[in-house]
Amino acid sequence: MSIAVSHAQLQEQIGQLLMVGFDGLVVNPEIENLIRQQRIGGVILFRRNIDTPAQVAALCQQLQMINAEVSDLPLLIGIDQEGGMVMRIEEGVTPIPSAMAYARAASSPAQQANAIEACQALHQIAADELRQMGININFAPCLDINNNRANPVIGIRSFGEDAATVTQYGLAALRGIHAAGIAATAKHFPGHGDTATDSHYALPLVAHDLARLNAVELVPFKAAIAAGVDAVMTAHVVFAAIEPDTTLPATLSRKVLTGLLRQQLDFGGLIITDCLEMDAIAARPRVSDCPGAAGSVQGAVQAIAAGADIALVSHTYSRQVAAVEALLKAVETGYVNVDQIQQSLDRITLLKKSKAMTQWRDLVQPPAQLQAPAAMALAQQVQAQAIEMHGLPLDQHATTLLITVELMQRTEIDEVALGASRSARGTLLPLLQAAGVDVSEIIISPQVNDSEWAQVIAAQASAPQVIFQSYNATRFARQSELIRQIAADKLLLIAGRNPYDIDIAPQAKTRIAACSNRPAVLALMAKKLLGDLE
């Protein structure tokens, strides 16, 4: 039976169904308005909000204090702190390896138990550090199975390339996050692993039949649900075997979210969308009978109507305000059922009354237990074991040309190597210079434009040895071809992100993969190159 509510009460309830992001290291007028006036129930943090752990803790405390003036329920404050390449907070915390590094650190079946134990321990460490800063939900673990090497967005964010590996390590990560006392999120349901399209830019489609999905993609999610995962994040991916309308990604499909996830898999926790400002949603044409403007705003309405509990709008203030207004209209006109809204509110309230959410007033500032020596040692041990090296060390006495492939534009996942980014560059240059190597660097983009190509070809011709630090070269034909243009006997090929890049030049003098190009990993990689790491 529907319960009658006033417009003001409905607006307060609708606000709980939104999670938003904002710009800046401190509370700005936009996010304060969203909390006070729109009654937004959740905030997501990105690198643009991060300076130091103390600053993050103060920011989270300020956000919660503002919210406490207008709501009895605390804010959900979330972040993508997966490890490796996707760590929004990097400085001052334990450098957790990428998901794929754990299984690669287990070079024999006998070592697997240790690697799984380390995965749980490091995820607990990372989650506890988040808890100390006031972050109460981590958008991890990533349970996508990276069974498509051409995948542009998952790769090393996945624990592996088969269902068993992803399930083993994913559940270990989940246990670790829960042990730290914050909420965990399984993503990206029903699975973003077997796609060759990035949903940040277009709408991927998975054409596998239901039998295959049940045998592969859904296996880790079923296990996580059985283990009590708090939330599931949706994928902006079409699953034709479940949703016959191939214009509807899982995020907007009632057949996927309600039919499959709620009813068939019996998931009772929160369903949270991936960011609705990704082009798979933002670029969608207007739906005539759905309230709101085309793209992200209508995406919020459609996602809630499909069965999502929380719509994530990460960036644009005008879209965030418009999403609240559109959801209000959707409920008032019957496009979204008010009983469904109440069910979502019940699930949100249940999580927000848990210890993980209510302890924000008691947190010590600044956080006091970060980067514990044992935690740092364990992270370094796992990462060192995950480094795969073939061939000879660097000749430290020879002049060296370093070619660093560096991102030139930001994405939701790749927020590094930008002039505006607060994160360090992913380059070996200072490490080699500190070791006394005579090295010069050329920085190129992943796509390799004509001027970059010409510069590298000219410089490498006279270089005694060339280190090429790639970035997903298997996805960029010109980057791959440029690698092949360098004589194998002087090429040291470093896979800067996905490990598959080392297969491009199997005859290279040296090939190294480490599942990341972040500073903690590069320090170990430099030692490996210099022959200082077994």
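The values are calculated or read from the model by the stated rules, or taken from the named source; none is laboratory data. In this text the structure is predicted, and so the values were computed from the model without any measurement. Reconstructed Cβ throughout: ideal geometry from the backbone, glycine too, with neighbour counts over all protein chains shown.
Just one of the numbered conditions (1) out of contact with any helix residue (DSSP H, G or I) (no Cβ under 8 Å at 6 or more places or on another chain); (2) touching a residue at least 12 places away in the same chain (Cβ under 8 Å); (3) of a type in the set (D, E, K, R) is not true of Asp501: (1). Going by the conditions given, is Arg254 modelled with pLDDT under 95, assigned by TED's automatic domain parsing to the domain that holds Arg47 and of a type outside the set (A, V, I, L, M, F, W, C)? Criteria not met by Arg254.
Counting only strands (runs of 3 or more DSSP E) that sit wholly inside the stretch 1-87, not one has at least 3 residues that are among the aliphatic types (A, V, I, L, M), farther than 18 Å from Ala183 by Cβ and at pLDDT 95 or above. Only helices (runs of 4 or more DSSP H) whose full extent lies in the stretch 92-202 are considered here, and the ones with at least 1 residues that are among the aromatic types (Phe, Trp, Tyr) and within 23 Å of Lys222 (Cβ to Cβ) are 99-105, 163-180. One residue stands out in the stretch 348-390 among those that are in contact with a Ser or Thr (Cβ under 9 Å, 6 or more places away or on another chain) and either among the polar types (S, T, N, Q) or in a loop (DSSP other than H, G, I, E, B) (or both): the one that is farthest from Thr510 (Cα to Cα), namely Pro366.
When each of Ile40, Ile79, Ile44 is tested for being touching a strand residue (DSSP E or B) at 6+ places or on another chain (Cβ under 7 Å) and over 22 Å from Cys142 (Cα atoms), the lone residue that passes is Ile40. Return a yes/no flag: does the stretch 106-121 have any residue that is touching a Pro at 6+ places or on another chain (Cβ under 8 Å) and in contact (Cβ under 8 Å) with a residue 40 or more places away in the chain. For the stretch 106-121, residues touching a Pro at 6+ places or on another chain (Cβ under 8 Å) and in contact (Cβ under 8 Å) with a residue 40 or more places away in the chain: absent. Checked against the criterion of being of a type in the set (Gly, Ala, Ser), over 21 Å from Ala183 (Cβ atoms) and free of Cβ contacts under 8 Å to residues at least 40 places away in the same chain, the candidates Ala300, Ala280, Ala241 yield just one match: Ala241.
If you filter the stretch 435-465 down to residues that are part of a loop (DSSP other than H, G, I, E, B) and of a type outside the set (Gly, Ala, Ser), you find that the one that is farthest from Thr510 (Cα to Cα) is Asn449. Restricting the first member to the stretch 264-276 and to residues that are under 25 Å from Lys353 (Cα atoms) and outside any strand (DSSP E or B), and the second to residues that are among the charged types (D, E, K, R) and at pLDDT 95 or above, the beta-carbon pairs closer than 6 Å and six or more apart or on different chains are Gly269/Asp230. Taken as a whole, the structure leaves His315 outside the set of residues that are loosely packed, with under 14 Cβ neighbours inside 10 Å, of a type outside the set (Val, Ile, Thr) and outside any helix (DSSP H, G or I). Restricting attention to the stretch 320-343 and to residues that are among the small types (Gly, Ala, Ser) and buried (at least 21 other Cβ atoms within 10 Å of the Cβ), the residue that is farthest from Gln37 (Cα to Cα) turns out to be Ala330.
Look at the stretch 420-443: where a residue is assigned by TED's automatic domain parsing to the domain that holds Asn517 and a partner is loosely packed, with under 14 Cβ neighbours inside 10 Å and at pLDDT 95 or above, sitting 6+ places away or on another chain with Cβ atoms under 6 Å, you get Asp438/Thr399.
Report yes if Val336 is closer than 19 Å to Gly15 by Cβ and in a loop (DSSP other than H, G, I, E, B), otherwise no. Criteria met by Val336. Taking the stretch 167-195 as the range and being under 24 Å from Lys255 (Cβ atoms) and out of contact with any His (no Cβ under 9 Å at 6 or more places or on another chain) as the test, the residues that pass are Thr185, Ala186, Lys187, Phe189, Pro190, Gly191, Gly193, Thr195.
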